[in-house]
Each structure stands twice: as C-alpha cells, then as structure tokens.
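Engineer: Quick one: the structure is below, questions incoming.
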Amino acid sequence: MTLFVNRLTQLDASLWCPQRGLTGVSWFVDAELDGELGEDGMLFDFGEVKPWIKSRLDAGADHTLLVPIRAPGVTTSECSEGLCVRTTAPYAMEVRAPRQAFTLLPWTEVTPDRLAERLARELMKRPPPRVSDIRLRLRTETIDGAAYTYSHGLKHHAGNCQRIAHGHRSRLHVWQRGQRCPELEAQWADFLNDRYLVDKSDIVRQVEPEIRPSLTSRYRAGQGRFHIRLPLERCIVMNVPSTIEHIAAWLAQQIAEETGKTTRVQAFEGIDKGAIAEAKP
C-alpha cells in the first residue's frame, strides 16, 4: 500500500551552481510512503507522519547552503567559525559559518531529483512503524510571470534564517494606479535575480581591486559566527536587515522614486508567504 502527501512542506535554501553561482531555491516537498496496513485499516496517521518528515527536513537541508563539493573550484576546510567553503568559478566566494549552516553533497552539481533521493534515504534510516519505503519529490512552484532568486542572512533571527547563505525563489507583484505592472515586475525581478541582499551594518570590508571588487559581510548570531565574501556586483546593499518586510518596503520606494508614481509591492519570501508595502514618490 502507498499513501501520498503533496505539498507536505517546503524547502528553502541556497545552492552553489557551477554556472550561476550562489542561487536561492524554494521547492515544494511531495512524499510517498509504502507499508503494510495495521489492524485499524491504516498505514499510519497522517497527523503524526507529516510533522515527523517536516521536522527532519527542517533540521537538515532546509535553510542551509547546498554545496556540491566535487564541482570545479569548490574547496572546503575547517576554520574558527566551523567550516569554510571557497569557490572560484563562475566567481570567487567564501562562506565561513557553523557546520549546520551547510549541506555538503558529493556531486558536481545539485539537482532537486538527486537531493530528494538523498533526503528520502536519510529518512529511511529510522522510519516510522510499518513504513517500508519513502520517496520524496522536490519541485519548483509554477509561476506565471516574474520570479527571481535571492540569498541572504538575518543575524537577529532566532531560527535558521540567521544562517548567512540561505535563500528563496520568489514571485514579485507590482501595482500602480490599481493595475498590475508586468513590465516593472520583470525589470526588477531581473535586477534581483541570483543576488545577495546584505545589511549595510554587517559590511566589514569592501575591496576594489582593478579586476573585480568584492564585499565582505560578517556577524555573530545565536548559532555562532558567520562570514561571507562575494563580488560586489552580485550584492545589493540595503540600509536595513533583509527581512521580507524591509525588502517589500525598499522595492516599493525604489520603484516609486524611479517611476514617479505611488507603488504597491507584494514581495514573496519563497512560496505563499511574504509582505506588502506601498510607497509614494
């Protein structure tokens, strides 16, 4: 017997892509579970297994940096923060953070299918009673319109959002005069795509060599010390923490000033959640 749960939970993370660099991802998690029926005529209680799977994903890959350690130019080493990940292509990046902020994968690239298989195998190390096999599927949200990915870290967050390199794939809705503005949505989604949003107060060094300027951000949070260095061109510097509330307000103000029109922005943080803000020029 097989039972299934679609959209059981969501997984938000960042990954290192050999072609795109640091990329935010948001995936639906679908699950199928095989097993034998009990005397009650059920394989298991959905109310118990759903939080069991979600809690293990939350404690694992969710809100981490997914690192394919066999990708060209990727190296890892121990450091005072815990673990240091460095890359060279398509650009140089350095992230230092506690070990739980990373998911190291022995691959040349991260794909949702391969990651889903790995996560299912981990769940099957200690399965629920009567469950003989677990299969997971990670799938992106179908978005008809503008979408972008971003990465960030929130030093004041009490949970895993404090990790300095986690991210999301998000919709973007923009209104002016009561009408959606697809062209503005596409323009700003393109500007934000695959960028790192950094709080100006966390910047400790900005180096501008002749070839490629870089930016270093560092902070201490509840889980430990965090550090990231990226090319300046991959960063968007904000004067406030990169919470979704501030992102929505910042976008609304930027678009209003650029267009000279009152602007309402609905900014998503991954799937089905976010903030709405309005600004006047």
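The values are calculated or read from the model by the stated rules, or taken from the named source; none is laboratory data. Keep in mind it's a predicted model, so treat the numbers as computed, not measured. Here Cβ is always computed from backbone atoms with ideal geometry, including for glycine, and neighbour counts include all displayed protein chains. Keep in mind that these areas ignore ligands, DNA and RNA; they rest on the heavy atoms of the full protein, side chains included. Shrake-Rupley method; radii C 1.70, N 1.55, O 1.52, S 1.80 Å.
Engineer: Considering region 1-53, what Rg and Dmax in Å follow from its alpha-carbon atoms?
Structural biologist: For region 1-53, the Cα radius of gyration and maximum Cα-Cα distance read 16.2, 52 Å.
Engineer: May I have the convex hull volume per residue, in Å³, for the Cα set of region 1-147?
Structural biologist: On the way: hull volume 17.6 nm³, N = 147.
With only Cα atoms used, region 1-147 gives 120 Å³ per residue.
Engineer: Can you report the principal axis dimensions of region 87-210 using only the alpha carbons, biggest first, rounded to whole angstrom?
Structural biologist: Extents along the principal axes: 56, 42, 32 Å.
Engineer: If you average the sequence gap of Cα pairs under 8 Å that are 6 or more apart and divide by the length of region 157-281, what percent do you get for the contact order?
Structural biologist: Values: 210 pairs, mean separation 34.1, N = 125.
Reported relative contact order: 27 percent.
Engineer: Give the cysteines in the chain for which no other Cys Cβ lies under 4.7 Å away, or write none if there are none.
Structural biologist: Cysteines lacking a close Cβ partner in the chain: C17, C161, C181, C235.
Engineer: Keeping the other protein chains in place, figure out the carbon and sulfur percent of the accessible area of the chain, with a 1.4 Å probe.
Structural biologist: On the way: 6440 of 13560 Å².
In the chain, the share of accessible area belonging to carbon and sulfur is 47 percent.
Engineer: About its Cα centre, what dipole magnitude does the chain give when the only charges are +1 on Lys and Arg Cβ and -1 on Asp and Glu Cβ, stated in debye to the nearest 20?
Structural biologist: On the way: 37 positive and 36 negative charges, 154 e Å.
The dipole of the chain has a size of about 740 debye.
Engineer: Oh, and also: Using a 1.4 Å probe, what is the accessible area per residue for region 44-193, in Å²?
Structural biologist: Here the per-residue accessible area is 49 Å².
Engineer: Additional query: Using only protein heavy atoms and a 1.4 Å probe, report how much of K273 is accessible, in Å² to the nearest 10.
Structural biologist: Counting only protein heavy atoms, the figure is 80 Å².
Engineer: Regarding region 175-281, what's the average projected area of the Cα-atom convex hull, expressed in nm²?
Structural biologist: Working: hull surface 32.9 nm².
Over all viewing directions, region 175-281 projects a mean Cα-hull area of 8.2 nm².
Engineer: Turning to a different aspect of this structure: Sorting C84, C79 by accessible area (1.4 Å probe), largest first, what list results?
Structural biologist: Values: C84 5, C79 40 Å².
My answer, sorted largest first, is C79, C84.
Engineer: Additional query: Straight-line reach only, C-alpha to C-alpha below 22 angstrom: list the lysines that K280 could link to, leaving out same-chain residues fewer than 8 apart.
Structural biologist: Excluding near neighbours in sequence, the set is K261.
Engineer: Hey, another quick one. Explain nothing, just the number: dipole magnitude of region 101-230 about its Cα centre with +1 on each Lys and Arg Cβ and -1 on each Asp and Glu Cβ, in debye rounded to the nearest 20. Intermediate results must be reported in sequence, preceding the final value.
Structural biologist: On the way: 23 positive and 15 negative charges, 146 e Å.
Here the size comes out at about 700 debye.
Engineer: Right, something else. First obtain the Kirkwood hydrodynamic radius of the chain from its Cα pairs, then insert it into the Stokes-Einstein equation at 37 °C and 0.692 mPa s, and state the resulting D in µm² per second as a whole number. Don't skip to the answer; put the middle values down first.
Structural biologist: Details: Rh = 20.1 Å.
Here the translational diffusion coefficient equals 164 µm²/s.
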